[in-house]
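Engineer: Sharing a structure with you now.
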Amino acid sequence: CGLGLGAMIYSFLKEEPDFLPGLVVNLSGWASIVFLVVFIKIILPVSPESLWLITIIAILPFIFSGIFLASLFTRQSDKSNILYAFDLIGAGIASSLTIVILDLCGAVNACIISAIIAVSAGLVYRNFRIYSMASILLISSLLFCNIKFSLFKIPKLPTKDTAYAKALFTEIGEVQ
């Protein structure tokens, strides 16, 4: 849904600025961090049953990624078959690595690592390298601090009624 929305938003652009791909991959990474902060520090402790709010915030990184992919396929339309092959190969590798990263680092750190990977794509774009390097350093610092000081922990669910506490919540956090 988010990738499709991003592609649709891209289709409304009259002209694509040169900086757009670098910008949206950085926004995708930072949107993941914003989601993490808002989800763990605000939504879960106060209103974990607000799935509509969680969905709105969680979709943002995918919207930016959809804009990026639409831009990439538009700019390189003559190589779309190669791009799509690499997209599928990357998805296969990422799905395998996701399991490993989740097992080794946990869900929160996996989200931060995915943000680092997203902003790293901005290094390809000359006019966005400095911003991408700064983003990588800042988000990596956040990862280090989270590993060292547990800044973001999935909180206990604030209710005894677990009717809305899906398996995911009961797996990643304790239910009070």
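Engineer: When residues of segment 95-119 are filtered for being open to solvent by less than 50 Å² (accessible area, probe 1.4 Å) and free of Cβ contacts under 8 Å to residues at least 60 places away in the same chain, how many remain?
Structural biologist: Adding up the residues that qualify gives 5.
Engineer: Kindly provide the set of residues from segment 31-54 that are of a type in the set (D, E, K, R) and open to solvent by less than 60 Å² (accessible area, probe 1.4 Å), ordered by number.
Structural biologist: Within segment 31-54, no residue meets the criteria.
Engineer: If ILE43 satisfies all but one of (1) within 19 Å of PHE12 (Cα to Cα); (2) among the β-branched types (Val, Ile, Thr); (3) more than 16 Å from the chain's Cα centre (by Cα), what's the number of the condition it fails?
Structural biologist: The failed condition is (1).
Engineer: Let me ask something else about it. Among the residues in segment 78-90, are any open to solvent by less than 70 Å² (accessible area, probe 1.4 Å), modelled with pLDDT of 90 or more and aromatic (Phe, Trp, Tyr)?
Structural biologist: no
Engineer: Kindly establish whether LEU13 is assigned to a helix (DSSP H, G or I) and out of contact with any Lys or Arg (no Cβ under 8 Å at 6 or more places or on another chain).
Structural biologist: Judged against the criteria, LEU13 is not a match.
The values are calculated or read from the model by the stated rules, or taken from the named source; none is laboratory data. Quantities reported herein were computed from a predicted structural model and do not represent experimental measurements. Because the Cβ atoms are built from the backbone with ideal geometry, glycine has one as well, and the counts that use them run over all protein chains shown. Protein only, heavy atoms only, side chains kept; ligands, DNA and RNA dropped before computing areas. Shrake-Rupley method; radii C 1.70, N 1.55, O 1.52, S 1.80 Å.
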